[in-house]
Amino acid sequence: EPEVTQTPSHQVTQMGQEVILRCVPISNHLYFYWYRQILGQKVEFLVSFYNNEISEKSEIFDDQFSVERPDGSNFTLKIRSTKLEDSAMYFCASTGQGRANEKLFFGSGTQLSVL
Amino acid sequence: AQSVTQLGSHVSVSEGALVLLRCNYSSSVPPYLFWYVQYPNQGLQLLLKYTSAATLVKGINGFEAEFKKSETSFHLTKPSAHMSDAAEYFCAVGDTGRRALTFGSGTRLQVQP
């Protein structure tokens, strides 16, 4: 089965630093997502992206966050100035049609640790 | 607003025993319901989904779930647990108005030999 690839698997950064988390969605998919899971808490939706723009975002996704599809294959999440509370596992996902009942294909995640 | 409650953050069963993982949801519109599984060091994988067709949904690896509207539940079951079922299981709800899914907090299933 096709896979979503995320790099790096672990990222350690200092508070206040910028981080970029990278994802390569499935090649023929058009809709891209970021979710995160703080240790011991729920998986939370951050943002969805289609046709080079954000189609939906949660309250978590504030001005410190941004997403980009810089080329035809990568999808990135940038956190401009990291906070301790940004420490979490970040999951990228993609779908082909963007329908609400469609299967999400998830990557294996990037564990972000902010010190 | 949607929400998902998974009762029991940890469930332990013996190999060969029935697996029952509970999920209750709230949604103001007809929901789509999902169960995802996460094995160690892997991403979430879809086990099964309910999308308003049959109320009893069969998924991969022998799992099934029943949508009960009157109880707002979508519990996941498997008649006989296998060691390879040890993982974390997430229930999620979506609807036609949004692409975002709302997840529960997950249930870690442990299978004892």
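Computed over neighbours whose Cβ is under 14 Å from that of A:GLU85, the net charge equals -2, Lys and Arg +1, Asp and Glu -1. With contacts taken as Cα pairs under 8 Å and at least 6 residues apart, chain B reaches a relative contact order of 37 percent. A simple rule links phi to the HN-Hα coupling: the Karplus curve 6.51 cos²θ - 1.76 cosθ + 1.60 with θ = phi - 60°, which for the range A:33-46 gives 9, 10, 10, 9, 9, 6, 3, x, 10, 6, 6, 10, 6, 10 Hz, with x for Gly and Pro. Take every Cα-Cα pair in the range A:1-105 and report what % of them are more than 24 Å apart. Considering the range A:1-105, 18 percent of its Cα-Cα pairs are separated by more than 24 Å.
Translational diffusion of the protein assembly as shown was estimated from the Stokes-Einstein equation, with Rh taken as the Kirkwood radius over Cα pairs; at 25 °C and 0.890 mPa s the coefficient is 136 µm²/s. Maximal additional length on extending the A:GLU85-A:GLN111 stretch stands at 8.1 nm, based on 0.36 nm per residue less the C-alpha distance.
For chain A, the relative contact order comes to 39 percent (Cα pairs under 8 Å, sequence separation of at least 6). Principal semi-axes of the equivalent ellipsoid, √(5λ) from the alpha carbon gyration tensor of the range A:12-56, are 23, 15, 11 Å from largest down.
In this structure, the amide hydrogen of B:ALA17, modeled 1.01 Å from its nitrogen in the peptide plane, lies closer than 5 angstrom to those of B:ALA81, counting only residues at least 5 positions away or on a different chain. For a Förster distance of 30 Å, can you work out the FRET efficiency between the beta-carbons of A:MET15 and B:ARG108, rounded to the nearest 0.05? Efficiency at R0 = 30 Å is approximately 0.50.
In the elastic network of chain B, a GNM with C-alpha springs shorter than 10 Å, the most mobile of B:PRO40, B:PRO31, B:PRO79 is B:PRO40. Accessible surface buried at the A:B interface totals approximately 1800 Å², computed with a 1.4 Å probe on protein heavy atoms. Each Cα pair under 8 Å and six or more residues apart adds its sequence gap; the mean of these over the residue count of the range A:13-63 is a relative contact order of 23 percent.
Taking θ as phi - 60° and the Karplus parameters 6.51, -1.76 and 1.60, the scalar couplings of the range B:18-31 work out to 5, 9, 9, 10, 9, 9, 10, 10, 9, 7, 7, 10, x, x Hz in sequence order, x denoting glycine and proline.
Rg/Rh for the range B:14-98 stands at 0.97; both radii use Cα atoms, and Rh follows the Kirkwood definition.
Sparse packing (at most 12 other Cβ atoms within 10 Å of the Cβ) combined with a DSSP loop state is found for the following trypsin sites (Lys or Arg not before Pro) in the range B:27-91: B:LYS69.
If Lys and Arg each add +1 and Asp and Glu each add -1, what is the summed charge of the other residues whose beta carbon sits under 11 Å from the beta carbon of B:GLN42? After counting each charged neighbour, the total is -2. Accessible area per residue for the protein assembly as shown, computed on protein heavy atoms with a 1.4 Å probe, is 48 Å². Residue by residue through the range A:92-106, which ³J(HN,Hα) values in whole Hz follow from phi under the Karplus form 6.51 cos²θ - 1.76 cosθ + 1.60 (θ = phi - 60°), with glycine and proline marked x? Listing the rounded values in order: 9, 9, 8, 9, x, 10, x, 6, 5, 9, 8, 5, 8, 9, 9 Hz. In the structure shown, the pairs A:LYS83/A:LYS103; A:LYS57/A:LYS83; A:LYS78/A:LYS103 are assessed against 27 Å; a Cα-Cα span above that value is assigned to A:LYS83/A:LYS103.
When the solvent-accessible area of chain B is split by element, carbon and sulfur atoms take up 51 percent of it, the probe being 1.4 Å.
The values are calculated or read from the model by the stated rules, or taken from the named source; none is laboratory data. Note that the coordinates shown come from a computational prediction; the quantities given were computed from them, not determined experimentally. Because the Cβ atoms are built from the backbone with ideal geometry, glycine has one as well, and the counts that use them run over all protein chains shown. Note: accessible area is taken over every heavy atom of the protein model, side chains too, but ligands, DNA and RNA are not part of it. Shrake-Rupley method; radii C 1.70, N 1.55, O 1.52, S 1.80 Å.
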